[in-house]
Amino acid sequence: MEVLLTLFTASATGFGIFAGVVAVERYEALRRSRSLRSAMGYEPVHKNQPMTLGTSRLHTWLIEKMILASRGTVTPPWLSVAQSFWTFGLGQVEEVIEKAGLADVVTKQGVVIVRAGASCALALGGGLLGVFFSEILAFLLACVGFLYGFSAPLRALKEEKRERSFQIEKQLSQMIEVLVLGLRSGMSFDRSLELYRQYFDGGLSRSLALAQQQWTHGLLSRDQSLRRLARSCDSLLFGRAVESVIRSLRFGTSLAEGLSMLAVEARSVRKSKLEERIAKAPIKMLLPVGGLILPAMLILILGPVLLDLMAGF
């Protein structure tokens, strides 16, 4: 057992040194690339991407790493050995990436690279931490770290997808009201949309800005760009608003009246979702209350009584 422990520690140390050297080289290459792009007047891709930033810091960091890993075109040699293993459970990851609003900057290969790196790093960290206590704890912590790192990238994308959908539906009623105000003032749809983008900031505003740039520069038609944006949002209400806009602009019907009804519905949907989140709060509080607060209160209240009973006997 001591020989196995020594071999595990030596191999973990060697792998850590190798991973550190590779990480330093990649960091220096990335720093040079950022300096060059900054000197040429370009911004990093993920700075202009309409991320909600409502996710946790860890998941935001993982998404940024997936964006950076997706820029490469060649699969690392160490990853191609077990490609089928690292892609397990990623059958519909392209759809999740699209609905998270990251279809242009994140690829499946980037998700696989971050998954493999996070799994190995957390497994190594958990194993090294557990070595100081016992071999069994080292093995258990290594397994827990590997499983957490294996599932962390996909969970980060799903959290970004849910948060983006919530933020879009939250800002939808505001956007519709600005559009209706502009349309009733005699503005065109494009000018009303530009008015909203100019004075309001958020995930929906940035997504609409990218879509409007696409049909303004002729990359896509307005209908194609709006439908593509609707597909990338996990919101049925936003999809209905887009279809209403496209239908009204195509057939010349009144757009302001239909959007006014959708604004009322968007506010009611947002209210119901907020009430649902509030209703789930007491259930989420059961674990910390039952596991941390309640035992301390019982010890504080019943402790003197138990001491008095023990002194009486």
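Read-outs throughout are calculated quantities, based only on the coordinates presented, and are distinct from any laboratory measurement. Here the structure is a predicted model, which means the values were calculated and not measured. Cβ sites come from the backbone with ideal geometry, for glycine too, and all protein chains shown count toward neighbours.
Structural remarks
- Counting every alpha-carbon pair across the range 102-226, the share separated by more than 20 Å comes to 62%.
- Separation between Cα centres of the range 108-123 and the range 144-178, rounded to whole Å: 20
- Zero-based 5 Å bins, Cα pair distances in the range 145-193, whole percents: 5, 20, 14, 11, 11, 10, 8, 7, 6, 5, 3, 1
- Charge dipole (debye, nearest 20) of the range 220-267; +1 at Cβ of Lys and Arg, -1 at Cβ of Asp and Glu: 180
- Nearby lysines by direct alpha-carbon distance to Lys273 (threshold 27 angstrom, same-chain neighbours under 8 apart not counted): Lys99, Lys158, Lys161, Lys170, Lys284
- Rg in Å to one decimal, and Dmax rounded to a whole Å, for the range 166-274 via C-alpha atoms: 12.9, 39
- Among 233-245, 195-207, 107-119, sorting by the average number of other beta carbon atoms lying within 10 angstrom of each residue, highest first, gives 107-119, 233-245, 195-207.
- Charged-residue dipole, Cβ positions (Lys, Arg, Asp, Glu), the range 166-274 about Cα centre, Debye nearest 20: 160
- Glu94-Ser221 pseudo-label distance in nm [points 7 Å out on the Cα-to-Cβ vector]: 2.4
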